[in-house]
Ligand SMILES: NC(=O)c1ccc[n+]([C@@H]2O[C@H](COP(=O)([O-])OP(=O)(O)OC[C@H]3O[C@@H](n4cnc5c(N)ncnc54)[C@H](OP(=O)(O)O)[C@@H]3O)[C@@H](O)[C@H]2O)c1
């Protein structure tokens, strides 16, 4: 069964459904620089050569390291490359994510991303880490981003790590250009939100599409059923898991993360794997929709 190759980020541009998540380019634990910065830059340049036109990043990664690598490797950016970033948090002394969610702090983070990426306008800014905090409302947070959009500092406002209820509330304030939550063949906790965004033609960028680097032997990359399907198609479990996402819903955008050129090349061609109805039935049955992470 074939799948569509491109998807509209409304008001931003049309992108390939297989993009690149840049988080793996930082050092271990997404902290500090990578062991080989030249190799990380080579991964980014290869992504563009392969026709990848959507890179997911954030000042959180490193922190700052990944945005600096992107600017060093790719600026001046090729026409049509969409850079999507995330704001709403910072890394504390231990590297943990902590909320930085006041509307003024959000504005400062947009300016920081612009400066580090050497951009005048950010394509997509995801508001992440949406937690209820005294004195901070989602409406005020979005209001700050709408102001920046009106000033031409960003094109699209997205939401990340969001519930269906928060998404609906946000949509009532301003159009949401994309949602970014975890979703993969073994983590379908956001299925209801995915289906709702599909109904509304809002792109859903699935993070952890390959089960994340935090799980060393993720079932997404090694489960028996996934492996058996891969063998039938003479490919790898990673490609099958990505192809399954492309089949799952036409509004899914993929942002697989890797620090390896070989994996990048394989991931970028996952849309060549045409899963059959019986492959899909087997993969669909691995966990039920709505089931959270493995
Ligand atoms: N919004 C959020 O809160 C949030 C949270 C996490 C991530 N993200 C975004 O989502 C992106 C994707 O998530 P992720 O990078 O954490 O996890 P992921 O894409 O699910 O998995 C990355 C892991 O898979 C491995 N891998 C990649 N391609 C492979 C292949 N073809 N064969 C075998 N192994 C492969 C990578 O190792 P190698 O490096 O060795 O290839 C790495 O260990 C991130 O880069 C980031 O942009 C967003």
### Query
For helix 65-74, what angle does its Cα long axis make with the longest principal axis of the chain, in degrees from 0 to 90 and rounded to 10?
80
### Quotient of Cα Rg and 2.2 N^0.38 Å for the stretch 109-192, N being how many residues it contains
1.15
### Query
Rounded, prolate or oblate: which fits the stretch 1-87 when a ≥ b ≥ c are the square roots of the eigenvalues of the alpha-carbon gyration tensor, with rounded for a/c under 1.5 and prolate only if a/b beats b/c?
prolate
### Query
Between residue 291 and residue 234, how many nm apart are label points set 7 Å from Cα along the C-beta direction?
3.2
### Task
Give me the distance in nm between label points sitting 7 Å out from Cα along the Cα-to-Cβ direction at residue 132 and residue 45, one decimal.
5.1
### Summary
Computed over the stretch 25-96, the relative contact order (Cα-Cα under 8 Å, seq sep at least six) in percent reads 35
### Message
Viscosity 0.692 mPa s, temperature 37 °C: give me the Stokes-Einstein translational D for the stretch 57-149 in µm²/s, with Rh taken as the Kirkwood radius over C-alpha pairs.
### Response
239
### Message
Could you work out how much longer the chain between residue 139 and residue 1 gets when fully extended? Use 0.36 nm per residue separation minus the Cα distance between them, nm to one decimal.
### Response
45.5 nm
## Note on the structure
Computed from every Cα-Cα pair in the stretch 11-54, P(r) in 10 Å bins starting at 0 and rounded to whole percents is 27, 44, 25, 5
### Query
Gap in Å between the Cα centre of the stretch 1-55 and the Cα centre of the stretch 242-280?
13
### Query
What value does the stretch 152-272 have for Rg/Rh, both radii from Cα atoms and Rh as Kirkwood defines it?
1.01
#### Entry: Cα long-axis angle, helix 237-248 against the chain (0 to 90 degrees, to the nearest 10)
70
### Task
Find the relative contact order for the stretch 61-137 and round it to a whole percent, using C-alpha pairs within less than 8 Å whose residues are 6+ positions apart.
39
### Task
Tally the DSSP beta bridges in the stretch 1-85 and give the antiparallel ones as a percent, rounded to 5.
40
## Note on the structure
For the chain the mean separation of alpha carbon contacts under 8 Å (6+ apart) over residue count, i.e. relative contact order in percent, is 20
## Note on the structure
Stretched fully, the stretch from residue 120 through residue 151 gains (0.36 nm per residue minus C-alpha distance, one decimal, in nm) 10.1 nm
### Summary
So the angle from the long Cα axis of helix 164-173 to the longest Cα principal axis of the chain, reported in degrees to the nearest 10, equals 40
### Query
Counting only the backbone N, which residues of the stretch 252-294 are under 11 Å from the spot 7 Å out from the Cα of residue 164 toward its beta-carbon?
290
### Message
Viscosity 0.890 mPa s, temperature 25 °C: what is the translational diffusion coefficient of the chain from Stokes-Einstein with a Kirkwood Rh over Cα pairs, rounded to a whole number of µm²/s?
### Response
128
### Summary
Kirkwood Rh over alpha-carbon pairs of the stretch 252-294 plugged into Stokes-Einstein at 25 °C, 0.890 mPa s gives a D in µm²/s of 192
## Note on the structure
Here the stretch 216-277 gives, from Cα atoms, an Rg and Dmax in Å of 11.2, 33
### Summary
Whole-number value, in Å³ per residue, for the convex hull of the alpha carbons of the stretch 72-124 is 97
### Task
Place the peptides 53-64, 28-39, 164-175 in order of packing, highest mean first, counting for every residue the other Cβ atoms within 10 Å and averaging per peptide.
53-64, 164-175, 28-39
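Bear in mind these aren't lab numbers, they're just calculated from the coordinates by the rules spelled out. Keep in mind that what you see is a predicted model, and the values were worked out from it rather than measured. With ideal geometry, Cβ positions are generated from the backbone for all residues, glycine too; neighbour counts draw on all protein chains shown.
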